[in-house]
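The values are calculated or read from the model by the stated rules, or taken from the named source; none is laboratory data. Because the structure is a prediction, the values reported are computed rather than measured. Heads up, the Cβs are rebuilt from the backbone with ideal geometry, glycines too, and the neighbour counts pull from every protein chain shown.
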Amino acid sequence: SDSATPVTPAAFPPAFLWGSATSAYQIEGAVQEDGRTPSIWDTFSHTPGKTAGGDTGDIANDHYHRYRDDVAMMAELGLGAYRFSVSWPRVQPTGRGPAVQRGLDFYRKLVDELLEHGIKPAVTLYHWDLPQELEDAGGWPERDTAYRFAEYAQIVGEALGDRVEHWITLNEPWCSAFLGYASGVHAPGRTDPAASLRAAHHLNLAHGLGTKALRSVMPARNSVALSLNTSVVRPLSPEDPADLAAARKIDDLSGGIFHGPILHGAYPKTLMEATSSLTDWSFVQDGDLELIHQPLDALGLNYYTPTLVSAADPEAKGPRADGHGESEHSPWPATEDVAFHQSPGEQTAMGWSVDPTGLYDLIMRCTREAPGLPLYITENGAAFDDKPGADGAVHDPERVAYLHGHLSAVRRAITDGADVRGYYLWSLMDNFEWAYGYEKRFGAVYVDYTTQQRTPKSSALWYGRAARSGVLPEPDGI
Ligand code: PNW
């Protein structure tokens with residue numbers, strides 16, 4: 001159709017899931033209740049200098065005690081799905097052995113509450129809160145952690161598999177491996193590039209073993225997926241072969257390192273060559289790739305902003321603005337010859353550029369790469385400097401515009417043949433934004449951390465209208 005002519009906005013498919021997402025450590029609080037032990041994020045956030053203002057998830061949104069109200073709020077807004085994560089150390093405090101019943105009970109009650117309100121739950125098993133005891137035993141660079149994850153997956157699958165249809169093994173293993181073990185801006189805060197590559201493989205292995213474990217205990221109708229934050233990499237000069245090579249390198253390290261084994265059964269040759277100064281990849285054992293490359297029911301895509309790169313002089317030292325937090329250590333192993341640039345356009349409070357075309361490009365790339373595989377946008381959203389007005393209301397027109405733009409990109413991808421089944425807004429409510437603490441607000445719902453009062457922002461009302469009608473309201477219609 002002629003893009004200059006205003007048309008009636010096309011409806012999304014009737015079965016499209018309109019959800020929101022959160023994760024355990026970012027909202028639950030209650031870190032010492034019912035047998036829970038510290039995860040690597042408790043240790044990290046309590047280490048001076050690791051998070052903005054020394055913020056921790058000790059209390060967070062107190063969701064552990066307020067989950068009933070939070071579910072009622074989702075229902076009132078009109079949301080049809082909810083993606084949350086299970087805290088591993090609530091279920092298995094030492095990372096191994098029998099489950100703690102009270103820990104599992106919390107998630108059982110949460111799921112029941114969601115189902116009673118007609119909200120479809122989607123469970124993420126691992127959203128970065130490794131039991132500290134497993135990190136003490138070596139963490140993700142250690143192969144055994146993958147087997148421990150499979151055991152944990154089986155426990156949760158057994159407990160919730162009868163009532164939860166949508167399962168996600170890992171959230172953004174790129175962040176776990178490279179922010180956790182290479183740049184160190186995330187827990188456990190290690191800065192060892194060779195270890196980060198081992199971590200990535202063991203996360204892939206955990207996905208494979210975990211998927212197998214889930215399938216062994218769950219009804220076959222359930223869907224098992226994982227959520228990746230594959231970068232949408234753009235070369236600064238698309239005509240320059242050196243810039244294209246730089247983009248290729250970053251694409252391998254963010255996408256290929258996971259897409260390769262999971263979707264195609266092999267690590268990209270170019271990735272293995274580019275990292276050969278750090279490792280010979282001998283940690284990939286016989287049979288690993290078969291385990292990792294097993295049928296997937298869907299793929300979850302998390303998207304916020306694209307990544308703009310060019311070739312760089314490896315001798316030119318200095319800070320590299322790659323938007324991944326402040327560290328003198330890069331999260332990109334063996335890329336001294338790559339420079340990162342600020343993408344053009346409007347920026348969010350994270351300094352991330354607003355670029356809905358990137359989401360369209362990501363969906364179409366995955367559609368081409370894995371034909372027939374259903375896709376979900378398991379995270380998309382933005383932080384802005386939201387403040388309540390004198391009347392207590394929180395107006396966030398920037399977020400409404402962001403959501404309108406990105407959901408329009410999803411709609412366009414569906415028109416162009418992509419099988420996108422749902423969208424989970426990050427995030428339901430403001431929460432603990434990792435190294436940035438409570439300073440960055442990603443919520444559609446505003447949280448006053450003194451009173452724990454929740455106030456839906458304009459964007460929550462706008463998104464709720466979209467969810468109820470299956471059509472995107474005009475961005476200024478609120
Ligand atoms: C994702 N990076 O985190 C997570 O899945 C969420 O828990 C988080 O709150 C959200 O996105 C917003 O940040 C990321 O540096 C953190 O590339 C950092 C990066 C990417 C994603």
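For segment 411-439, name all the residues that are out of contact with any Asp or Glu (no Cβ under 9 Å at 6 or more places or on another chain) and near the ligand (Cβ under 8 Å from one of its atoms). Result: 431, 434.
Is it the case, given these coordinates, that residue 283 is touching a Leu at 6+ places or on another chain (Cβ under 6 Å) and of a type in the set (Phe, Trp, Tyr)?
Working: touching a Leu at 6+ places or on another chain (Cβ under 6 Å): no; of a type in the set (Phe, Trp, Tyr): yes.
Answer is no for this residue.
Count of segment 399-410 residues, restricted to those that are touching a strand residue (DSSP E or B) at 6+ places or on another chain (Cβ under 7 Å) and more than 16 Å from the ligand (Cβ to nearest atom), is 2. The strands (runs of 3 or more DSSP E) located wholly in segment 404-478 that include 3 or more residues which are farther than 30 Å from residue 372 by Cα occupy 445-448, 453-456.
One residue stands out in segment 309-351 among those that are small (Gly, Ala, Ser) and away from the ligand (no atom under 14 Å from the Cβ): the one that is modelled with the lowest pLDDT, namely 318.
Just one of 195, 146 is in contact (Cβ under 8 Å) with a residue 60 or more places away in the chain and either in a helix (DSSP H, G or I) or not aliphatic (A, V, I, L, M) (or both); which is it?
Details: 195 fails: in contact (Cβ under 8 Å) with a residue 60 or more places away in the chain.
Selected residue: 146, the only one of 195, 146 that is in contact (Cβ under 8 Å) with a residue 60 or more places away in the chain and either in a helix (DSSP H, G or I) or not aliphatic (A, V, I, L, M) (or both).
Scan segment 334-383 for residues that are part of a loop (DSSP other than H, G, I, E, B) and over 21 Å from residue 253 (Cα atoms) and the total you get is 16. Note on segment 382-395: residues that are closer than 28 Å to residue 55 by Cα and away from the ligand (no atom under 16 Å from the Cβ) total 8.
Scanning segment 268-300 for residues that are among the hydrophobic types (A, V, I, L, M, F, W, C) and in a loop (DSSP other than H, G, I, E, B) yields a total of 6. Just one residue in the set 255, 300, 265 is within 22 Å of residue 375 (Cβ to Cβ) and touching a His at 6+ places or on another chain (Cβ under 9 Å); that residue is 265. For residue 141, the conditions (1) more than 16 Å from the ligand (Cβ to nearest atom); (2) not in a loop (DSSP other than H, G, I, E, B) all hold with the exception of (2).
Return yes or no: is residue 223 closer than 28 Å to residue 305 by Cβ, surrounded by fewer than 24 Cβ atoms within 10 Å (Cβ to Cβ) and away from the ligand (no atom under 16 Å from the Cβ)? Write out each step before concluding.
Working: closer than 28 Å to residue 305 by Cβ: yes; surrounded by fewer than 24 Cβ atoms within 10 Å (Cβ to Cβ): yes; away from the ligand (no atom under 16 Å from the Cβ): yes.
Spelling it out, residue 223 is indeed closer than 28 Å to residue 305 by Cβ, surrounded by fewer than 24 Cβ atoms within 10 Å (Cβ to Cβ) and away from the ligand (no atom under 16 Å from the Cβ).
Looking at segment 92-99, is at least one residue under 25 Å from residue 191 (Cα atoms), surrounded by fewer than 24 Cβ atoms within 10 Å (Cβ to Cβ) and among the β-branched types (Val, Ile, Thr)?
From segment 92-99, those under 25 Å from residue 191 (Cα atoms) are 94-95; that's our starting set.
Remaining after also requiring surrounded by fewer than 24 Cβ atoms within 10 Å (Cβ to Cβ): 94.
Keeping just the survivors that are among the β-branched types (Val, Ile, Thr) gives 94.
Yes; the residues of segment 92-99 include at least one that is under 25 Å from residue 191 (Cα atoms), surrounded by fewer than 24 Cβ atoms within 10 Å (Cβ to Cβ) and among the β-branched types (Val, Ile, Thr).
Selection within segment 159-176: residues that are touching a residue at least 60 places away in the same chain (Cβ under 8 Å) and within 16 Å of the ligand (Cβ to nearest atom). The member of this set that is farthest from residue 80 (Cα to Cα) is 174. Of all residues in segment 65-105, those that are in contact with a helix residue (DSSP H, G or I) (Cβ under 7 Å, 6 or more places away or on another chain) and farther than 30 Å from residue 472 by Cα total 13.
Residue 467: out of contact with any His (no Cβ under 9 Å at 6 or more places or on another chain) and small (Gly, Ala, Ser), yes or no?
On the way: out of contact with any His (no Cβ under 9 Å at 6 or more places or on another chain): yes; small (Gly, Ala, Ser): yes.
Yes.
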